[in-house]
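Novice: My structure is below; once you've seen it, I'll send some questions.
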Number of protein chains: 2
Amino acid sequence: MRLSTKGRYAVTAMLDLALNGQDGPVTLSDISENQGISLSYLEQLFAALRAKKLVRGVRGPGGGYFLGRDADEISIANIICAVDEWVEFTRCQGKEDCRGGQRCLTHSLWDDLSRQIYEFIEEISLADLVRRGQESNHGCHKEKPASTLGEISGQAA
Amino acid sequence: MRLSTKGRYAVTAMLDLALNGQDGPVTLSDISENQGISLSYLEQLFAALRAKKLVRGVRGPGGGYFLGRDADEISIANIICAVDEWVEFTRCQGKEDCRGGQRCLTHSLWDDLSRQIYEFIEEISLADLVRRGQESNHGCHKEKPASTLGEISGQAA
DNA sequence: TTATTACTTAGTAAAACACTAGGAATTTAA
DNA sequence: TTAAATTCCTAGTGTTTTACTAAGTAATAA
């Protein structure tokens with residue numbers, strides 16, 4: 001399995017899409033600006049996501065991207081697999097010699113572990129993440145309500 | 001976070017060490033031959049593993065490597081972190097602008113997810129993997145039951 | 001018809017990967 | 001004391017992956 005920054009870009013973009021795609025399609029320009037990812041790189045990522053039907057593109061002015069299906073039906077594993085090419089590691093699928101079982105033992109143990117991690121992130125959907133963002137207040141600077149901002153800054157100064 | 005083939009090599013090598021290191025140190029030559037990993041690459045990986053005290057080297061003839069501590073006390077996360085440099089992704093730790101919170105929202109959501117995956121593989125120890133390998137009969141050519149690691153962290157398979 | 005968007009392809013600098021090469025330091029055994 | 005085995009260290013290298021720039025083509029709304 002592979003889980004790298006590329007997968008993170010894809011998850012981030014899909015998350016942006018899920019968050020902002022309620023009232024219409026979201027353009028890659030928007031995501032690019034929102035998330036600080038180059039437009040052309042996003043286009044490449046979305047080519048892969050589209051191939052796996054995770055997003056649906058609409059051309060022309062007012063166009064952009066929709067989620068390919070409900071956010072509940074898109075797992076993190078789906079997204080990462082789409083862009084990262086989930087590789088099978090063991091090359092000894094009945095072909096290679098097994099070195100007295102040693103080599104294959106570790107291979108199958110890794111396979112099992114790999115499968116476990118996969119099944120773990122397959123259980124987490126895009127909707128789960130969005131829900132979690134709505135419940136607790138995430139954010140960099142913990143934005144204070146505008147009303148209290150004046151008083152705080154007034155006291156500080 | 002990153003989880004690539006490099007981490008897999010490290011886990012595989014550590015697994016080999018755990019399996020064969022009962023009666024004395026295991027040489028990198030052995031692991032190299034067993035697992036099909038180049039000796040010099042193993043040396044680089046083990047330099048990182050040694051820096052994190054996950055292995056202990058013994059020089060000279062009859063030397064080799066021991067696990068740095070009990071296999072129960074070494075998690076998969078430990079191993080992967082040692083060689084893969086668990087990177088923090090969000091670059092907006094109070095510094096960068098938050099684009100109205102959008103950018104940071106997705107960043108913190110990714111952080112949460114990343115942390116979950118980390119905590120998941122932190123729960124799995126080298127000893128867990130070895131135990132699983134002893135219980136069920138792993139091997140190349142034998143058809144495996146669906147998942148032999150099912151109960152490892154209470155996750156339903 | 002024009003602007004806007006998705007889509008496509010080619011190229012590229014930088015990093016990571018996995019390895020080769022050549023040694024130095026340490027220790028065991030002949 | 002010498003030779004061999006092993007860890008340990010550093011430098012270099014071809015390949016792949018990243019993340020990006022550039023330059024288009026195709027479809028569509030206004």
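Rule-based calculations on the coordinates, nothing more; no lab input. Every value quoted in this text rests on a predicted model; they were computed, and no experiment measured them. Using ideal geometry, Cβ is built from the backbone for each residue, glycine included, and neighbour counts are taken over all protein chains shown.
Novice: Could you give the nm distance between label points at B:S40 and A:E85, where each point is 7 Å from its Cα heading toward the beta carbon?
Specialist: 2.6
Novice: Return the subset of A:K52/B:K6; A:K6/B:K52; A:K6/A:K52; A:K6/B:K53 for which the Cα-Cα distance in this structure is over 22 Å, preserving the input order. Mind showing how you got there, number by number?
Specialist: On the way: A:K52/B:K6 27 Å; A:K6/B:K52 27 Å; A:K6/A:K52 16 Å; A:K6/B:K53 30 Å.
Where the Cα-Cα span goes over 22 Å, the pairs concerned are A:K52/B:K6; A:K6/B:K52; A:K6/B:K53.
Novice: Mind listing the long-range amide H neighbours of A:L3? Cut-off is under 5 Å, sequence gap 5 or more, other chains count too, H placed in the peptide plane at 1.01 Å from N.
Specialist: HN-HN under 5 Å from A:L3: B:L3, B:S4.
Novice: Each residue of the range B:70-81 in turn: what ³J(HN,Hα) in whole Hz from Karplus with 6.51, -1.76, 1.60 and θ = phi - 60°, glycine and Pro shown as x?
Specialist: 4, 4, 6, 9, 10, 8, 4, 4, 3, 5, 5, 4
Novice: Using a label point 7 Å beyond Cα on the Cα-Cβ vector, give me the inter-copy distances for A:E73 in nanometres, one decimal, shortest first.
Specialist: Once sorted, the set of distances for A:E73 reads 5.0 nm.
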